[in-house]
Amino acid sequence: MAFTLQPFLFKWEEVDARSDLDRLRLVLEALPDEALVRKLETARRRGRDDYPVRACWNALIAGVVYQHPSAAALLRELRRNGELRAACGFNPLLGVTAAPPEWAFSRFLKNLVGQEQEVRRMFETLVERVAQELPDFGRHLAVDGKAIPSHATGRKNRKTGVTSDPDAAWGVKTSLGEKDGKPYEKVSKWFGYTLHLAVDATHELPLAYEVTPANASETTMLLPLVEQIAGQTPTVHERIETAAADRGYDSAEIHSALWKEHGIKGVIDNRALWKVEKKEPGYDPQQEITRPLFPGRADVVVYSEKGVVSCQCPVTGARREMAFSGFEQDRDSLKYRCPAAAYDLECAGRTECAKAAGVQPGSYGRIVRIPLERDRRIFTPLARSSYAWKTQYAKRTAVERVNSRIDQVYGFEAHFIRGKAKMTLRVGLALTVMLAVALGHLKEKRAGHIRSLVRAYRPPERRAG
């Protein structure tokens, strides 16, 4: 047998374990969970306290942090890992027996389901605290719905006629796109729930959430999410400038309410609106459809269903996109200028164009103002034809990245959850931990790590001298 003459002063495994436990410490220190834990302790009253509520709560959070797919997997890890038991608050003198059995942990989880509102208050408190650390937190929203299948299959029992998850429903989502110049349609179907989520598009952190059966309409959930932010985190609501969403949320009512009631500019892609022209003989799909902006008179200004405003030279017939000159909030109108005057271009029909509008030609060029009430779905406070609109709409993908983290990092790709109450609680815990991780890193001056749950942080090595 080969003996080691000089033992190591430390083991790298111990360093890794310590760094790994720091992830749990980071979350537990940031969670505003005292009110919740006290309610759970009060509910226990004079019952046996073999497995303390605080330790069980910390263990549940550890299950989220360390990505355990089920309570059984978490309990197996607690029995195996003495360092984790101690970090959660179980009595280290009791050894393996300190870890709760399945029946005790199940009873704890059953009591916790009734405290979903306390979990939501924790989430809202963390939103406010992160906003104190990040001055631009909440300025730009991204909203979308995410399918979360139930652990149930959706098949009905032959005798009872109900599924093993009566709260869940079948959902269908259709996605339209184009590949190699050919349009396609993708239909996805699932049995379970939909997570409606509003996130900060810059920092990719959640701001509001709601869980509904899968058959609930996504379109009707955007405004309730904004109202949730307004009512529960008013500091963040005051900062919101834009709200980006895909065409599934396209609605005149949504655009109007966002701007009139909340002062938020909706950045929502619109669906195909004009179908009459597409049914006419000789319709060319490659040719953009336009309509006259002033149909009551002979004028040269036209617009498309995507909000592009153009003018057609009455002499040469050349069409140019008009120069967007900003949104006039006091008039609730979009302002456009003659492109020839704005860009110093030659236009043979400037005089005729001004005459058609009943104005005098000048060096500044003709001005066109379009009130938003003309068509709320086409004309929005942030003009669809502007670079700013395209920039803000590109931020919509932030919610997709958050959804990906919910699946892959927070365990919703493979779970064992049935029932709306349990699903809402589990979603709330995941999003609360997400914010706690961000707040913990911000408090420790590591802004670059705010979205990192998996990677264990190690402080940089100090150089000698």
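The values are calculated or read from the model by the stated rules, or taken from the named source; none is laboratory data. This is a predicted model, so every value here is computed, not measured. Ideal geometry is used to build each Cβ from the backbone, glycine not excepted, and the neighbour counts take in all protein chains shown.
Of the residues examined, residue 274 is not one that is under 22 Å from residue 398 (Cβ atoms) and either surrounded by 11 or more Cβ atoms within 10 Å (Cβ to Cβ) or under 15 Å from the mean Cα position of the chain (by Cα) (or both). Total residues in the stretch 423-442 satisfying the condition of being more than 20 Å from the chain's Cα centre (by Cα) and either modelled with pLDDT under 90 or under 19 Å from residue 57 (Cα atoms) (or both): the figure is 1.
Working only within the stretch 337-370, note down all residues that are touching a Lys or Arg at 6+ places or on another chain (Cβ under 9 Å) and part of a helix (DSSP H, G or I).
Correct list: 339, 340, 341, 343, 350, 353, 354, 356, 357.
Checking each residue in the stretch 436-454 for being outside any helix (DSSP H, G or I) and aliphatic (A, V, I, L, M) picks out 450, 453, 454. Of the helices (runs of 4 or more DSSP H) lying entirely inside the stretch 179-266, the ones with 1 or more residues being under 16 Å from the mean Cα position of the chain (by Cα) are found at 222-232, 234-239. Close contacts from the stretch 444-456, counting a first residue that is in the same structural domain as residue 62 (by TED's automatic domain parsing) and more than 18 Å from residue 64 (Cα to Cα) and a second that is acidic (Asp, Glu) and modelled with pLDDT under 85, with Cβ to Cβ under 8 Å and a gap of 6+ residues or different chains, come to none at all.
In the condition set (1) in contact with a strand residue (DSSP E or B) (Cβ under 8 Å, 6 or more places away or on another chain); (2) assigned to a loop (DSSP other than H, G, I, E, B), residue 377 is compliant with all but (1). With respect to (1) surrounded by fewer than 20 Cβ atoms within 10 Å (Cβ to Cβ); (2) in a helix (DSSP H, G or I), the lone exception for residue 425 is condition (1). Of all residues in the stretch 395-419, those that are in contact (Cβ under 8 Å) with a residue 60 or more places away in the chain have Cβ atoms under 7 Å from Cβ atoms of residues that are assigned to a helix (DSSP H, G or I), 6 or more apart or on another chain, in 406/430; 410/64; 410/430; 412/406; 417/423; 417/426.
Would you confirm, using the coordinates I've provided, whether residue 149 is over 26 Å from residue 255 (Cβ atoms) and touching a Phe, Trp or Tyr at 6+ places or on another chain (Cβ under 7 Å)? Answer is yes for this residue.
Entry remark, the stretch 314-330: residues being in a loop (DSSP other than H, G, I, E, B) and closer than 17 Å to residue 371 by Cβ number 3 in total.
Residues that are in a loop (DSSP other than H, G, I, E, B) and in contact with a Leu (Cβ under 9 Å, 6 or more places away or on another chain): does the stretch 71-86 have at least one? No, that holds for no residue.
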